[in-house]
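FYI, it's all coordinate maths here, none of it is from the lab. What you see is a predicted model, and the numbers here were worked out from it, not measured in a lab. Cβ sites come from the backbone with ideal geometry, for glycine too, and all protein chains shown count toward neighbours.
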Amino acid sequence: MTTTSPVSRPISDSRRRAAASVLTVEHLDVVYQVEPPVHAVKDVSLVLGRGEILGLAGESGCGKTTLAYAINRLHRPPAEVTHGSVTFHDREGPDLDLLALQKEDLRRFRWAKLSMVFQGAMNALNPVTSVRAQLDDVLTTHVPAMSRSARRARCTEVFELVGVDPGRLDSYPHELSGGMRQRVMIAMALLLNPQVMIMDEPTTALDVVVQRGILREILRLRQELGFSVIFITHDLPLLLELSDRIAIMLDGEIVEIASADEIYLRPQHPYTRKLLDAFPSLTGERGAFIRSGASSSRDQQPDVDSDPDGMDPR
Amino acid sequence: MTTLEVKNLVKDFSIRSGWHRSTLRAVDDVSFTLVPGRTVALVGESGSGKSTVARMIARLERPTAGEIVATAPDGRQVANRRFRDHVQMVFQDPFASLNPFHTIEHHLARPLRLHGPAKSRAEVEALVEELLARVNLSADSIAYRRPHELSGGQRQRVAIARALAPGAQVIIADEPVSMLDVSIRLGVLNLLARLQREDNLAVLYITHDLATARHFSDNILVMYRGRVVERGPADEVILHPKHPYTQLLAAAAPNPERRGRSHLTVSGSIEPVSDGPREARADSGCNFQDRCAFAMDACAEVPPDFAVGDDHFAKCWLYPGDAGAPARERIRGSSA
């Protein structure tokens, strides 16, 4: 956890972080081996502190999800990690080289130490079995010794943690609202008490009120259980509120990584500035976003939209 | 210039679950007017009835009650047959709203032929080129491509050009940028604003994004469970929300001005109480009372629109009669 003070002391800060880090990614390259090869993640290095919330922002196609999948070893051919390392600093054991994990080891590692909340909870749950069966499945696979009643108790417990009535355990996914399904996904990711949770756009499909409820839930749980979060989204304003640090990704590269305050107040990279400008402020002044001319109070900058293509890289 | 008036619009859907039948009032007594050159934003959470209003205006859905009247520049009511010459819609998903089988040229030429502004082949060609140029696409490289060859932003611009093709004066934009990449959203919105200025269009902008609603529109209507609970000038509604629901929305929207998480960890009264599907509750009073921190006995009755400012109305019993200052102070103090 970093301090909330905007004053940065880079050296001591990074040392402290290295000592208390849970995940280190070094010079990671991921290439989709198609014709021509697509270099989706380029030389990405980052350190995730214990208990830290790291935001990963960027627009679609910039490699956010590919990076998350590579960290969790979920990438499939034609995606291939061509270079770099991912090290997991286990709380109760030696460091793990994630890229070298094989079959049974990998299976034991996933979800138990690092879990993931997938994009689009609507589609990530199995529609033909009850939610309980899907939670149970995780427990029977990872903790085969667990008794049925213990599993039942644990499922109830995680549901209560995320604020869903345990009575809904026997529901099927279609019987739950979008917000509840998202909470179920988070409950599932919490089942084994992981040290890191990767959340890939967990709230994009939800409306703001439900989204706020879930973010609050994530913060509360992190405080109680002390896991770290990599939070992937394109919604920069949301990250500015939520994260300790934010990494901005562009075309597979992390172009800037800094505390939320630094990113907002002193963005260094032009792309960061562009991304910030893409979100008009709710209460503040109008930024690059001026709809000019149409009404008298709004014609301060008439030529801002003379080139709408300027925003479109393609 | 066409003006579109929506009067007391109501839409009921009937729901069946097993043998049980019930009606859901998706839109309840919604009225507003779209005038040339002005943008009205319709905001609200998913399921609040925003899109149903849009679909009824575009005549994709038949209203249960109420009227949608378009008035042509000559002061006469637009006939049903000609309605779509005047009113066109831009859909949310540019990946689904264009036919993958047809070229871009086809998408634009068809409305030109069907709605009649163009007669000869050469005329159609010239108009297609002009339409594409107006949305900043070059006819040479785009006209004979198919939708899958274009990016999301390009597709949405084609969809906007298509809406303009019949010479429409009223544009219904249903979440026109929510499926687009963040970095191109403003470009598309600004394009829409420019076209609006050039053609003096009346625009209904439907969105759940309060920030763009504020910057992109003149007036905002806030919908909750089918009713317009607050309406007023854009800045007023967002910066000084009066209805508890609008206050909840404004407080929940991410706002980088409030960096740091203190307000996130502080537990407030803004949690949704019920997350489940809503029931038909047409006659049971204010439909926000079950989530409202200020719920009182009066809420058992549906509140009328109370004036809370200049051209600013809220459907809430907190403001009976007029913009009562004490009530306003109280509510703002506790939501801060």
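At-a-glance table
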{"quantity": "Test item: Cα-centred dipole of the protein assembly as shown, Lys/Arg +1 and Asp/Glu -1 on Cβ, debye", "calculated": "1120"}
{"quantity": "Distance histogram in 5 Å bins (all Cα pairs of region A:132-195, percent per bin)", "calculated": "4, 19, 34, 24, 14, 5, 1"}
{"quantity": "Residue-span extension gain [B:Ala295 to B:Arg16] - 0.36 nm each, minus C-alpha spacing", "calculated": "97.3 nm"}
{"quantity": "Orphan Cys of chain B, criterion: no other Cys C-beta under 4.7 Å", "calculated": "B:Cys292, B:Cys316"}
{"quantity": "Inter-site label distance for A:Leu225 and B:Thr64 at 7 Å from Cα along Cβ, in nm", "calculated": "4.2"}
{"quantity": "Per residue Cα convex hull volume in Å³ - calculated over the protein assembly as shown", "calculated": "179"}
{"quantity": "Full-extension gain in nm, A:Thr82 to A:Glu35, via 0.36 nm per residue minus C-alpha separation", "calculated": "15.3 nm"}
{"quantity": "Student exercise, region B:91-203 dipole from Lys, Arg, Asp, Glu Cβ charges, in Debye to nearest 20", "calculated": "120"}
{"quantity": "Spin-label model distance (nm) - B:Lys119 vs B:Ala72, 7 Å beyond Cα toward Cβ", "calculated": "1.9"}
{"quantity": "Vicinal HN-Hα couplings computed from phi for region B:138-150 (Karplus, 6.51 cos²θ - 1.76 cosθ + 1.60; Hz; Gly/Pro x)", "calculated": "8, 4, 4, 8, 9, 3, 9, 8, 9, x, 5, 8, 9"}
{"quantity": "Region A:21-65: C-alpha gyration tensor shape, a/c 1.5 cut-off, then a/b vs b/c", "calculated": "oblate"}
{"quantity": "Net lengthening on full extension, A:Ser147/A:Leu106 (0.36 nm per residue, minus Cα-Cα)", "calculated": "12.4 nm"}
{"quantity": "Amide H contacts under 5 Å for B:Arg145, placed H, 5+ residues apart", "calculated": "B:Ile104, B:Glu105"}
{"quantity": "Separation of alpha-carbon centers, region B:12-69 and region A:187-261, rounded to whole Å", "calculated": "35"}
{"quantity": "Rough spin-label spacing in nm, given labels placed 7 Å along Cα→Cβ, for A:Thr129 and A:Asp97", "calculated": "3.5"}
{"quantity": "5 Å binning of all Cα-Cα separations within region A:194-234, expressed as whole percents from 0 upward", "calculated": "6, 22, 29, 27, 13, 3"}
{"quantity": "Most positive-pole-ward Cα, A:Gln268, A:Leu192, A:Thr233, against dipole of region A:135-270 from beta carbon charges", "calculated": "A:Leu192"}
{"quantity": "Sequence-distant residues sharing a close amide H with A:Thr203 (under 5 Å, placed H)", "calculated": "none"}
{"quantity": "Charge-dipole axis of region B:1-112 as Lys and Arg at +1 and Asp and Glu at -1 on Cβ define it, positive-most pick from B:Ser22, B:Leu108, B:Val69", "calculated": "B:Ser22"}
{"quantity": "Using θ = phi - 60° and Karplus 6.51 cos²θ - 1.76 cosθ + 1.60, couplings along region A:154-160 (whole Hz; Gly, Pro as x)", "calculated": "5, 4, 4, 4, 5, 4, 5"}
{"quantity": "Amide H partners (placed H, <5 Å) of A:Val22, local residues excluded", "calculated": "A:Leu48, A:Gly49, A:Arg50"}
{"quantity": "Options B:Leu4, B:Pro303, A:Val158, ranked by Cα towards positive dipole end of the protein assembly as shown, top entry (Cβ charges)", "calculated": "A:Val158"}
{"quantity": "Beta bridges per DSSP with both ends in the protein assembly as shown, % antiparallel, nearest 5", "calculated": "60"}
{"quantity": "Computed magnitude of the charge dipole of region A:113-185 (debye, nearest 20; Cβ of K, R +1, Cβ of D, E -1)", "calculated": "160"}
